[in-house]
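The values are calculated or read from the model by the stated rules, or taken from the named source; none is laboratory data. The structure presented is a predicted model; accordingly, all values stated were derived computationally and were not measured. Backbone-built Cβ (ideal geometry, glycine too); neighbour counts: all protein chains shown.
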Amino acid sequence: MHALAERRETLAAVESITGGLVAATVVEVAGASAVFRGGLVVYATALKATLAGVPQELLDERGPVDPDVALALAEGGRARCGADWGLSTTGVAGPDPQGGKPVGLVYVAVAGPAGSAVRELSLGGGRQAIRSASVTEALRLLAEYL
């Protein structure tokens, strides 16, 4: 968060698999209010379209666990929250596969003035371990772009 503050840039998070853990982790840092605009928890697939602006056609064709959906979530959060940077998470925490996608498949994405990127993760462990690692990897991706 310090790199964002130094650059006078802001962040928004759009979360599915992490259900608000990215936002909760960011606001644990003292001074987060200077950079964190807010975010969206779009756990239900329909909300990914209506709140975060993911094209419905993309969701219909590929489902919610997809690299292009992750990018659209990050871009949608950036636009809807008026932030310089958008960060997103989507994936399958388990215990069962979802839509043919295996447990542990996660996409994290970042969108900002320096461009956008998505990273595919294949995570092990239970639900909590997968969700926690997703937060870590999303923040790591952001840090790489800052």
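In the condition set (1) under 16 Å from Asp84 (Cβ atoms); (2) touching an Asp or Glu at 6+ places or on another chain (Cβ under 7 Å); (3) aliphatic (A, V, I, L, M), Val41 is compliant with all but (1). Filtering Ala30, Ala72 for residues that are in contact with a Ser or Thr (Cβ under 9 Å, 6 or more places away or on another chain) and either within 27 Å of Gln128 (Cβ to Cβ) or basic (Lys, Arg) (or both) leaves a single hit, Ala72. Quick check on my filter: what residues within the stretch 32-47 are of a type in the set (Gly, Ala, Ser) and in contact (Cβ under 8 Å) with a residue 12 or more places away in the chain? Passing the criteria: Ala32, Ala34, Gly38, Gly39.
Taken over the stretch 8-31, the residue count meeting the criterion of being touching a residue at least 60 places away in the same chain (Cβ under 8 Å) and charged (D, E, K, R) is 2. Evaluation of Ala49 against the conditions (1) farther than 27 Å from Leu146 by Cβ; (2) at pLDDT below 95; (3) surrounded by 18 or more Cβ atoms within 10 Å (Cβ to Cβ); (4) not β-branched (Val, Ile, Thr) shows that the sole unmet condition is (2). I'd like to know if the stretch 103-116 contains one or more residues that are among the hydroxyl-bearing types (Ser, Thr, Tyr), farther than 16 Å from Ala133 by Cβ and either modelled with pLDDT under 95 or touching a helix residue (DSSP H, G or I) at 6+ places or on another chain (Cβ under 6 Å) (or both). For the stretch 103-116, residues among the hydroxyl-bearing types (Ser, Thr, Tyr), farther than 16 Å from Ala133 by Cβ and either modelled with pLDDT under 95 or touching a helix residue (DSSP H, G or I) at 6+ places or on another chain (Cβ under 6 Å) (or both): present. Looking only at the stretch 129-146, which residues are of a type in the set (Val, Ile, Thr) and touching a helix residue (DSSP H, G or I) at 6+ places or on another chain (Cβ under 8 Å)? Scanning the stretch 129-146 gives a single hit, Val135. Checked against the criterion of being more than 22 Å from Val35 (Cβ to Cβ), among the hydroxyl-bearing types (Ser, Thr, Tyr) and either at pLDDT 95 or above or touching a helix residue (DSSP H, G or I) at 6+ places or on another chain (Cβ under 6 Å) (or both), the stretch 71-89 contains not a single residue that satisfies it. Scanning the stretch 117-128 for residues that are out of contact with any helix residue (DSSP H, G or I) (no Cβ under 9 Å at 6 or more places or on another chain) and either basic (Lys, Arg) or closer than 18 Å to Tyr43 by Cα (or both) gives Arg127, Gln128.
Table: residues versus (1) closer than 20 Å to Gly77 by Cα; (2) surrounded by 13 or more Cβ atoms within 10 Å (Cβ to Cβ).
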| site | (1), (2) |
| --- | --- |
| Gly99 | no, no |
| Ala109 | yes, yes |
| Leu123 | no, yes |
| Arg127 | no, yes |
| Ser132 | no, yes |
| Glu137 | yes, yes |
| Leu141 | yes, yes |
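Among the residues making up the stretch 1-48, none is touching a Pro at 6+ places or on another chain (Cβ under 8 Å), farther than 14 Å from Ser88 by Cα and of a type in the set (Gly, Ala, Ser).
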